[in-house]
Structure formats: C-alpha cells, structure tokens
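The values are calculated or read from the model by the stated rules, or taken from the named source; none is laboratory data. Just so you know, these numbers come straight off a predicted model, no measurement behind them. Please note: Cβ atoms are built from the backbone with ideal geometry, for glycine as well, and neighbour counts cover all protein chains shown. Accessible surface areas use protein heavy atoms only, side chains included; no ligands, DNA or RNA. Shrake-Rupley method; radii C 1.70, N 1.55, O 1.52, S 1.80 Å.
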Amino acid sequence: MITLQNLGFYYKKGKPVLDDISSELEPGKIYGLLGLNGVGKTTLLKVIAGLRFPKYGDIEVNGHTPGHRSIPFLSDMMFVPDEITLPGITVGKYEKLYRILYPKFDAGKFEKLLKDFKVDRAERINNLSFGQQKKMYMAFALATNTRVLLLDEPTNGLDIPSKRQFRKALSSHISDETLVIISSHQIRDLHSVIDHILVLDNSKLVVNGSISRLASLIGFTSSPVDRQRVLYSETLVNGDHYMVENTMDMESDFDIEMFFNAIIHRPEILRLLPNLN
Amino acid sequence: MIILFWLYYMLPDSIYHKLGNDYAKSENWRFLTIINNRTFLRAAILGVIPVYLYVCFGGYLRQLKTNSLSVLTPVSALERVFTIWIFSIGLTLVLLVFFLLTDELFAYIHRSLFWDETIRTLERNGELYYDFSPDFVFSTLIQADFPVGLLVGSFLSTLPVLFLTGYAMPKAAILFYPLLGVAVFILLFPFAPYTVVGNYQLNISASPLFLLVYSAFIAGIHFLWMVAFYFRIKENEV
C-alpha cells in the first residue's frame with residue numbers, strides 16, 4: 001500500500017511539480033501513470049522510490065518512509081528508470097552479485113525471462129543494445145518479486161515482440177501483494193495490462209480510478225450520438241469518435257488515450273465523474 | 001609523462017630551463033641538467049600518472065552518486081561509506097605504488113641512457129672520483145631522501161578524504177583538499193620534533209611518539225570526514 005498525504009515537491013520554490021497530493025494506492029493493481037511531458041510523472045515515481053524527498057506532506061510505502069532508504073524498504077521495491085546505467089559485467093555475473101540483496105529473488109523466473117527476451121546471460125551488459133539492456137534489467141526487476149514495482153517508460157526502446165513479452169511477463173508477475181506503477185506515454189503498449197489510471201495535471205493528481213469504474217461512467221463510440229451526452233470528441237482518420245456519459249450501461253473498450261486527452265483538454269469533465277480521487 | 005621528461009632533457013629551450021635555469025646557454029647543458037638534483041621537478045613530472053588515475057576513477061565515483069540504480073541498491077548508508085572509504089584508501093595505495101614504480105623505472109632509464117656519457121664528461125674535466133649523491137637523477141626519489149616530510153605526508157595521508165569529497169562535493173573538492181593538507185600541517189607542526197641544518201634546511205625526525213600523535217590525528221580526520229560523508233550520502237537526491 002502506498003499512502004500519499006498532502007504530498008508536495010518542487011525543484012524551484014513557487015513552481016510546484018507535485019502539489020498537495022493525497023491518495024492511496026492499493027496492492028494487487030497495475031496503475032498507469034499518465035500526464036503531459038514535464039508534468040512530474042518521473043518525479044512522483046522518484047519520490048515514491050526514495051530518490052527524491054518530499055518538500056512537504058508524507059508518503060508511506062508498505063509501512064516505510066521511502067526517504068529513509070532502509071534496507072527492508074529497498075529490498076522490497078524496484079525502480080526501473082527510463083535510462084539505465086549498468087556495470088560492464090556479464091548478465092550472469094550481475095545476477096550472481098545482486099540477487100543476494102533481494103530475498104525473494106527467483107532465479108528460474110529470471111532465466112525464463114532472459115530466454116523470452118532473447119538476452120544471452122554470457123554477454124557483457126555494456127555490449128548489449130539499449131533495448132537489450134532494458135529487457136535484461138526488466139527481467140531482473142520482475143524476478144526480484146518485490147511488492148512495489150515502479151516502471152518509468154518501460155516500453156521505450158523495446159521492439160514489438162519484446163513489448164508483447166513484457167506485457168505477458170508483467171501480467172503473470174502481479175499478485176495480491178504486488179503494486180505496479182507504470183509511467184508511460186505509449187498507452188497502446190500497455191492498454192491491456194493497466195487496470196487503474198492515475199492522471200497528473202498541473203501538479204495535481206486529478207484521477208485515481210479503476211478502469212472498470214471509469215468504464216461504468218464513460219463510454220466510447222464512433223456512432224452518432226445525442227450531443228448532450230457527448231463529453232469529448234475527436235476526429236481521427238477513420239471518422240469521429242465520441243466519449244459519452246455512460247447512462248445506458250453500454251459496453252465498450254475503454255479508450256485510455258481518448259480519456260486522457262479529454263481530461264487534459266476539458267478538465268471540467270472531472271466534475272461530472274464523482275469520487276475519482 | 002614521457003613527453004614531459006623528453007622536453008626536460010632534450011630541449012634546452014623548454015620551459016624547465018627557462019625557469020631560473022641558465023643551463024640552456026651552456027655548451028654541455030644536458031650534462032648539467034642531468035647532474036642537477038631538481039628532485040621536486042622530477043616528483044612533479046612523475047606525479048602526472050597518479051593525477052591522471054585520480055581523474056579516471058573520480059568519474060566512476062561521481063557516477064555512483066548520480067546513478068539511481070546504485071542509490072537504490074539495498075545497502076545501508078554505513079556500508080556505502082565504509083566501502084567507498086576502503087576504495088579510496090586502496091586507490092591511494094595504488095597511486096603511490098604507480099608513483100614509486102615509475103620513479104624506479106625512470107631512474108633505471110636515466111642510468112641506461114646517461115651514465116656513460118656523464119662519467120666520460122666528468123673524466124674529461126678531471127673528476128675521477130665524482131661523488132654521486134642519492135639526490136642525482138640516477139637514484140630514486142626515496143633514495144634521494146626526497147623531503148617526504150610533514151607537509152607532503154599531510155597531503156598523502158588525507159588523500160582518501162579528497163576522493164570522498166570529490167564524490168560528495170565535487171565543486172568544493174579542488175579548493176578544500178589543499179586547505180585541508182595545509183591545515184593538518186599547521187596543526188601538527190608545533191608538535192613535530194625537528195632540527196635545523198645549515199641556514200635553511202629543516203629535518204623533522206619521525207620519533208615513535210610523534211608518529212603515534214600523527215597517526216591518531218590523521219585517523220581522527222578520516223573518522224570525522226566519514227561521519228560527514230555518511231550524512232551527505234543519506235541526503236543525496238538523484
């Protein structure tokens with residue numbers, strides 16, 4: 001469980017990046033953290049990971065204060081940044097050195113993931129491409145079986161088959177105890193994996209809701225609809241698409257991207273969606 | 001370093017000879033340069049390799065600080081401090097070994113290249129039993145009783161503190177370290193047993209008691225710096 005209580009952070013005084021954020025994130029869920037460039041998604045992940053310290057407010061991760069960087073906290077949390085710098089040793093040596101720091105490390109899982117990602121454990125890490133290094137570290141992160149997994153742009157640099165493998169690995173990783181937060185611009189890569197959405201806008205956490213709950217409130221259609229029900233619309237190559245109030249229990253695939261665009265361009269929509277944070 | 005030595009011995013117009021040295025104008029300038037016992041200059045040239053190694057390893061230490069993965073490795077701050085301190089001491093010892101080995105190597109090269117020429121020149125001048133003191137370039141700096149005295153000792157024994165400062169406060173490290181070395185020298189000097197030789201030479205004797213005080217003082221500096229470093233690591237944001 002991650003508890004944020006009036007959390008605030010800034011790099012420069014007077015320009016908050018995170019402002020008075022209060023929320024609870026529960027285990028057993030995969031959260032998609034969305035926001036425009038520079039809104040503070042990575043910063044929020046870093047504050048949760050303990051890399052940055054909140055300027056005010058409190059944060060607790062599974063009973064630990066991240067800023068203390070205690071060993072029980074660090075050994076039960078993995079942060080996979082967008083850009084990874086790893087030592088120039090072989091993959092096998094890296095596993096041998098670092099696995100002992102994570103009590104729940106599963107060597108069999110790591111081996112399987114390396115095979116799925118087609119990464120050779122005998123290869124030196126600095127000889128691997130950017131995408132391969134990321135896959136290797138992702139495999140390691142998943143194999144640690146930590147209760148908190150923070151991923152910053154995890155599909156950046158991955159080829160198409162690897163993205164599929166990643167989705168598959170992540171889905172099988174989740175348990176009732178694990179909490180995953182994925183910050184990504186590439187929603188289409190993770191659409192099938194995310195079950196909760198967090199939206200950061202103007203230093204506030206404006207949405208924290210499950211997709212199933214949102215889908216009960218909002219529907220998506222490309223058929224012409226009553227204008228009064230339309231919350232947001234987009235004209236795409238294949239025609240108009242509408243985001244509507246779901247007053248008639250319609251079933252439709254929840255379009256995360258369109259929902260995000262709607263929130264950003266028409267923030268007043270949030271007033272129509274109760275208890276989303 | 002090889003280039004610097006080459007400039008020193010092969011070019012009479014090089015900067016070394018222009019710095020208060022009249023040898024360049026002399027006919028046998030090379031001979032005079034060789035038998036000149038400018039041990040400080042030799043130490044400065046040999047010091048290039050340790051400085052270069054420090055610059056190489058300093059980047060690695062800084063990367064440890066800025067890499068989010070290393071900051072989040074499940075290792076306590078105390079273990080980090082201790083490990084980096086041991087690394088710094090190890091690195092200091094490696095730099096010293098490099099310094100001593102290159103000193104030995106260059107003394108050997110000098111003997112191979114210039115010994116015969118020097119003997120012949122001296123014999124031509126009627127000097128049959130010339131006294132080659134250990135200060136000459138044919139001996140190592142250690143044999144030359146290079147004044148590794150209190151000042152140099154203060155800098156050498158606090159060198160690991162420089163590495164730690166370069167990690168924690170890189171901008172302050174370059175200014176901080178010389179100040180620390182001088183401060184240690186000034187604080188210890190009143191307790192150092194010394195004798196005056198001639199008009200200007202000060203010999204500091206390494207009595208057991210003084211060495212004990214010196215070691216305790218340096219250990220105290222290291223301990224205080226590690227404590228500061230411990231808290232600096234805990235406050236480090238990436």
If a residue must be surrounded by fewer than 16 Cβ atoms within 10 Å (Cβ to Cβ) and in contact (Cβ under 8 Å) with a residue 60 or more places away in the chain, how many such residues does segment A:216-263 contain? 1
Among what's in segment A:169-191 and is touching a helix residue (DSSP H, G or I) at 6+ places or on another chain (Cβ under 6 Å) and free of Cβ contacts under 8 Å to residues at least 40 places away in the same chain, pick the residue that is nearest to A:Y137 (Cα to Cα). A:H173
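Say we look at segment A:98-112 and pick out the residues that are facing another protein chain (nearest Cβ under 10 Å) and surrounded by fewer than 19 Cβ atoms within 10 Å (Cβ to Cβ); which of these is farthest from the chain's Cα centre (by Cα)?
Taking segment A:98-112 and keeping what is facing another protein chain (nearest Cβ under 10 Å), we get A:98, A:100-103.
Still in the list and also surrounded by fewer than 19 Cβ atoms within 10 Å (Cβ to Cβ): A:98, A:100-101, A:103.
Values: A:Y98: 24, A:I100: 26, A:L101: 24, A:P103: 24 Å.
Among those residues, the one meeting the criterion is A:I100.
Yes/no per residue for (1) among the hydroxyl-bearing types (S, T, Y); (2) surrounded by fewer than 20 Cβ atoms within 10 Å (Cβ to Cβ); (3) more than 30 Å from B:E79 (Cβ to Cβ):
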position: A:T3; (1), (2), (3): yes, yes, no
position: A:S23; (1), (2), (3): yes, yes, yes
position: A:P27; (1), (2), (3): no, yes, no
position: A:K41; (1), (2), (3): no, no, yes
position: A:H64; (1), (2), (3): no, yes, no
position: A:R69; (1), (2), (3): no, no, no
position: A:L74; (1), (2), (3): no, no, no
Based on this model, can you work out whether A:T90 counts as more than 10 Å from chain B (Cβ to nearest Cβ) and free of Cβ contacts under 8 Å to residues at least 24 places away in the same chain? no
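How many of the residues in segment A:200-215 are open to solvent by 60 Å² or more (accessible area, probe 1.4 Å) and of a type in the set (S, T, N, Q)?
Taking segment A:200-215 first, the residues open to solvent by 60 Å² or more (accessible area, probe 1.4 Å) are A:202, A:204, A:212-213.
Now drop any that are not of a type in the set (S, T, N, Q), which leaves A:202, A:212.
Going through segment A:200-215 one residue at a time, the tally reaches 2.
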Quick one: in segment B:67-126, of everything that is open to solvent by less than 40 Å² (accessible area, probe 1.4 Å), over 20 Å from the mean Cα position of the chain (by Cα) and away from chain A (no Cβ under 14 Å), which residue is modelled with the highest pLDDT? B:I84
Name the residue, out of B:S70, B:S88, B:S112, that is of a type in the set (S, T, Y), farther than 30 Å from A:T85 by Cβ and either touching a helix residue (DSSP H, G or I) at 6+ places or on another chain (Cβ under 9 Å) or outside any loop (DSSP other than H, G, I, E, B) (or both). B:S112
Tell me whether segment A:127-147 contains one or more residues that are touching a strand residue (DSSP E or B) at 6+ places or on another chain (Cβ under 7 Å), open to solvent by less than 60 Å² (accessible area, probe 1.4 Å) and away from chain B (no Cβ under 11 Å). yes
Whichever residue in segment B:54-64 is of a type outside the set (V, I, T) and either away from chain A (no Cβ under 12 Å) or open to solvent by 90 Å² or more (accessible area, probe 1.4 Å) (or both) and, among such residues, is nearest to A:R52 (Cα to Cα): B:R62
Looking at B:L162, B:L179, which one is closer than 24 Å to B:A43 by Cα, surrounded by 12 or more Cβ atoms within 10 Å (Cβ to Cβ) and modelled with pLDDT of 75 or more? B:L162
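Out of all the residues in segment B:73-85, which are part of a helix (DSSP H, G or I) and small (G, A, S)? Show your work before the answer.
Taking segment B:73-85 as the starting set, the residues that turn out to be part of a helix (DSSP H, G or I) are B:77-85.
Answer for segment B:73-85, where residues must be part of a helix (DSSP H, G or I) and small (G, A, S): just B:A77.
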Condition test on B:E127, is it part of a helix (DSSP H, G or I), over 30 Å from A:T144 (Cβ atoms) and of a type in the set (D, E)? no
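Of the residues A:E95, A:E60, A:E123, which single one is open to solvent by 30 Å² or more (accessible area, probe 1.4 Å) and either in contact with a helix residue (DSSP H, G or I) (Cβ under 7 Å, 6 or more places away or on another chain) or within 11 Å of chain B (Cβ to nearest Cβ) (or both)? Don't jump to the end; show me each part of the working.
Working: A:E95 fails: open to solvent by 30 Å² or more (accessible area, probe 1.4 Å); A:E60 fails: either in contact with a helix residue (DSSP H, G or I) (Cβ under 7 Å, 6 or more places away or on another chain) or within 11 Å of chain B (Cβ to nearest Cβ) (or both).
The match here is A:E123.
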Criterion violated by A:K13 - all others in (1) within 14 Å of another protein chain (Cβ to nearest Cβ); (2) open to solvent by 40 Å² or more (accessible area, probe 1.4 Å) satisfied: (1)
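Provide a single number: the residues in segment A:33-71 that are basic (K, R) and within 20 Å of the chain's Cα centre (by Cα). Walk me through how you get there before you give the answer.
Step one: of segment A:33-71, the residues basic (K, R) are A:41, A:46, A:52, A:55, A:69.
This time we only want the ones that are within 20 Å of the chain's Cα centre (by Cα), so: A:41, A:46, A:52.
The total comes to 3.
Search segment A:76-87 for residues being open to solvent by less than 30 Å² (accessible area, probe 1.4 Å) and among the β-branched types (V, I, T), and hand back the single one that is nearest to the other protein chains (Cβ to nearest Cβ). Even if it seems obvious, please write down each step before you answer.
Filtering segment A:76-87 down to residues open to solvent by less than 30 Å² (accessible area, probe 1.4 Å) leaves A:76-81, A:84, A:86.
From the residues that got through so far, the ones that are among the β-branched types (V, I, T) too are A:80, A:84.
On the way: A:V80: 9, A:I84: 7 Å.
Among residues in segment A:76-87 that are open to solvent by less than 30 Å² (accessible area, probe 1.4 Å) and among the β-branched types (V, I, T), the one nearest to the other protein chains (Cβ to nearest Cβ) is A:I84.
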Take the conditions over 23 Å from the mean Cα position of the chain (by Cα) and under 30 Å from A:S175 (Cβ atoms) and apply them to A:E268. Does it pass? no
